[in-house]
Amino acid sequence: MTPDGGGPGTVPKPQTGNARADDESATDRPSTDQSTHPAETVIESRDLDVFYGDDQALQGIDMEIPERQVTALIGPSGCGKSTFLRSINRMNDLIDVARVEGELYFHGKNVYDDDVDPVALRRKIGMVFQKPNPFPKSIFDNVAYGLKVQGKADGNLEEKVHTALERAAILDEVEDRLDESGLELSGGQQQRLCIARAIATDPEVILMDEPASALDPVATSQIEDLVEELAQEYTVVIVTHNMQQAARISDKTAVFLTGGELVEFGDTNEIFENPEHDRVEDYITGKFG
Ligand SMILES: Nc1ncnc2c1ncn2[C@@H]1O[C@H](COP(=O)(O)OP(=O)(O)OP(=O)(O)O)[C@@H](O)[C@H]1O
Ligand SMILES: [Mg+2]
């Protein structure tokens with residue numbers, strides 16, 4: 001389905017605001033110039049099936065997710081988007097009846113191999129959920145928590161917390177009240193706090209399951225801007241029901257349809273402007289789903 005080797009598949013995204021070259025300080029990873037090099041695949045699923053008991057939720061999913069881009073997962077309710085997202089960092093392990101078959105590679109290593117520690121994996125592949133879920137702790141402690149648990153709360157804890165809040169575009173709004181409860185923030189602020197919490201421990205990949213669907217339009221557009229920003233440093237995989245959002249913020253789009261099939265995967269522009277399958281066209285133009 002995907003042309004091998006990345007090849008012509010990776011159209012550089014138009015830069016929005018901060019071009020990476022102007023923002024060297026924001027990352028300590030080597031920068032890649034997407035205008036000349038195709039992005040590397042960081043996650044790859046091969047013939048991935050997921051079952052809940054006897055019911056099959058995903059069927060033979062093959063997908064290559066490029067590094068430091070936004071990949072959107074779209075499709076009607078129940079088609080398996082959340083299931084696929086959870087299979088990337090083995091969150092499906094936490095569901096008793098779930099069973100995964102096939103392969104899911106992260107940097108070429110199958111995450112379902114016996115020697116992979118799912119907790120360590122989830123440190124590299126963080127997650128943000130639909131409903132903002134800050135801990136009932138202070139704003140500061142929400143972000144510091146993961147660093148403390150991971151033994152990364154050394155002398156510069158405060159700096160790390162500030163950096164994460166800044167990257168999540170919420171520092172200005174909370175700087176003066178870091179000791180207030182995270183639960184006192186607005187929904188949109190809570191979601192950005194959760195994003196700060198997810199990035200504080202420096203993951204490589206951020207999985208987002210409809211992170212803006214519970215938010216008002218202003219908060220939604222802040223999250224969208226943030227997702228685009230984050231993709232300069234992180235690989236982002238985002239589930240959304242909002243077609244405009246997928247078209248606006250993603251580089252790649254995966255269209256799942258009922259039955260847990262991945263019907264089309266490719267450059268977002270192609271999928272939205274010239275989809276290969278009629279069923280995809282019907283879905284994205286709102287004829288069903
Ligand atoms: N914990 C679970 N136990 C049993 N079946 C489940 C579980 N979670 C999901 N499923 C089933 O797996 C299928 C895919 O569900 P999933 O939540 O992945 O869909 P989705 O595309 O994320 O839908 P939505 O857009 O509504 O969030 C559905 O048929 C659903 O009923
Ligand atoms: Mg879902």
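A short reminder: the numbers here are calculations on the coordinates, not readings from a lab. Please read all numbers here as calculations on a predicted model, not as lab measurements. We place every Cβ from the backbone using ideal geometry, glycine too, and count neighbours over all the protein chains shown.
Counting only DSSP beta bridges with both residues in the chain, the antiparallel share comes to about 60 percent. From the P(r) of region 40-284, can you give the percent of Cα pairs sitting at distances over 24 Å? Value for region 40-284 (Cα pairs over 24 Å): 46 percent.
Both numbers refer to the Cα atoms of region 90-146; Rg and Dmax are 14.4, 41 Å. Residues whose amide H falls under 5 Å from that of I61, counting only those 5 or more places apart or on a different chain, are D47, L48, D49, with hydrogens built in the peptide plane.
Filter the cross-link list K81/K124; K137/K252; K109/K137; K152/K252 down to pairs whose alpha-carbon distance in this structure exceeds 32 Å. Intermediate values should be presented prior to the final figure.
Values: K81/K124 20 Å; K137/K252 36 Å; K109/K137 36 Å; K152/K252 34 Å.
From the list (K81/K124; K137/K252; K109/K137; K152/K252), the Cα-Cα distance tops 32 Å for K137/K252; K109/K137; K152/K252.
When region 40-284 is described by a simple charge dipole with +1 on each Lys and Arg Cβ and -1 on each Asp and Glu Cβ, the residue from V236, T41, A200 located farthest towards its positive end is A200. Summing Cβ point charges (Lys, Arg +1; Asp, Glu -1) relative to the Cα centre of the chain gives a dipole of roughly 520 debye.
Rounded to a whole number of µm²/s, how large is the Stokes-Einstein D of region 130-235 at 10 °C and 1.306 mPa s, given Rh as the Kirkwood radius over C-alpha pairs?
On the way: Rh = 13.6 Å.
Roughly 117 µm²/s, to the nearest whole number.
Where the eigenvalues come from the Cα gyration tensor of region 178-258, what are the semi-axes √(5λ) of the equivalent ellipsoid, largest first, in whole Å?
Working: eigenvalues 101, 50, 23 Å².
Over the Cα atoms of region 178-258, the ellipsoid semi-axes are 22, 16, 11 Å.
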